1. Take the range 170-199 and flag every residue that is open to solvent by less than 40 Å² (accessible area, probe 1.4 Å) and not in a helix (DSSP H, G or I).
2. Which one of the conditions (1) at pLDDT 95 or above; (2) among the charged types (D, E, K, R); (3) under 30 Å from V83 (Cβ atoms); (4) surrounded by fewer than 21 Cβ atoms within 10 Å (Cβ to Cβ) does E118 fail to meet, given that it meets all the rest?
3. Suppose we filter the range 224-255 for residues that are modelled with pLDDT under 95 and either open to solvent by less than 10 Å² (accessible area, probe 1.4 Å) or in contact with a helix residue (DSSP H, G or I) (Cβ under 9 Å, 6 or more places away or on another chain) (or both); how many remain?
4. What about A102, is it among the aliphatic types (A, V, I, L, M) and open to solvent by 50 Å² or more (accessible area, probe 1.4 Å)?
5. Being surrounded by fewer than 17 Cβ atoms within 10 Å (Cβ to Cβ) and modelled with pLDDT under 95 is true for just one of D66, D54. Which residue is that?
6. Go through the range 149-166 and give me each residue that's open to solvent by 50 Å² or more (accessible area, probe 1.4 Å) and not in a loop (DSSP other than H, G, I, E, B).
7. Among the strands (runs of 3 or more DSSP E) contained in the range 26-119, which hold 1 or more residues that are of a type in the set (D, E)?
8. What's the total number of residues in the range 206-219 that are open to solvent by less than 10 Å² (accessible area, probe 1.4 Å) and either in contact with a Gly (Cβ under 6 Å, 6 or more places away or on another chain) or of a type in the set (D, E) (or both)?
Amino acid sequence: MHFEKCGRVDIAPRPDACDAGAVQPLVSAIILNYRSPRDTARCAKALRAQTIADRIEILAVDNHSDDESAQLIRNLLRGEPSVRVLESPVNGGYGKGNTFAAGYASGEYLLIINPDNELEPSALERMVLRMKADPGIGILAPKLVHEDGTVRDSFRAFPRLLDVVAKRTALRRLLPGRVARYLRADADLSMERDVDWVVGACLLLKRSFYEELGGFDERFFLFFEDMDLCRRCWEAGERVVYFPAAVARDRKKRLSEGGIRRLLLTAVGRAHVASGLKYFWKWRSKPLPRLAGNN
């Protein structure tokens, strides 16, 4: 995949680390905004409070919100060092927006983080150290904790189509065991573990590996792109790891909430259905990676 640099950016892209005098940041953090500028600013400020803040570049990219989001982000983050505000020329979805920002990234590691997530101060340093200690980790994800203290079920098994349908419909009552296996309902969320896939709210991976994978599959406008990326990670021989020693605060409301009625009657729901169909068609007849069903 070619990582294009287009659209509007506040300053010129950072030079490559091999350029004379250039200092490569350790982590490039991408915050993809769509009409949530205040959340984006809070997320960026939490990154500026990290114990390794001096080694982070923050790319706050507005995904063509078609409102005043980009300017408001600039105002809210005025004077914050190491923060660049980018503007995507189109809204091509979650994957395309992150790919656009990745074209400006120069860190050794890439952090994909949603605006409604805020990493605790030592979390990113812990994540980097964990990845450095184990080169076999391809994707690392922290524990996501809601404002009320509940822990989000942020990892799951790779599903069959029936699993996804059952979760959203009355079949959930008829197939409780199947749904529970898909959701990993019996998993201890306090324990580090290899997992099939993690939600894309907060992910750390090497930038070179992200580029090797081709980034997110841009055919998924919204939803299933995280599942697909994790599956390609396993196919490439690298592991996906849930790492609860690092914590991110996560807003409880999710775009993917709701039952079958919401899926059919809202634009977000229809995007979810479309991405699901694309995912299952893409991976049709292909065996699951070895971990699936065993973690």
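The values are calculated or read from the model by the stated rules, or taken from the named source; none is laboratory data. Since this is a predicted model, take the numbers as computed values, not measurements. Neighbour counts are summed over all protein chains in view; Cβ atoms, including those assigned to glycine, are modelled from backbone coordinates with ideal geometry. Each accessible area value is taken on the protein alone, full model and side chains, heavy atoms only, with ligands, DNA and RNA left out. Shrake-Rupley method; radii C 1.70, N 1.55, O 1.52, S 1.80 Å.
1. R184, A187, V195, D196, W197, V198, V199
2. Failed condition: (4).
3. The total comes to 2.
4. In short, no.
5. So the residue among D66, D54 that is surrounded by fewer than 17 Cβ atoms within 10 Å (Cβ to Cβ) and modelled with pLDDT under 95 is D66.
6. V151, L161, L162, V165
7. Counting at least 1 such residues, we get 56-62, 83-87, 117-119.
8. The number of residues fulfilling the criteria is 1.
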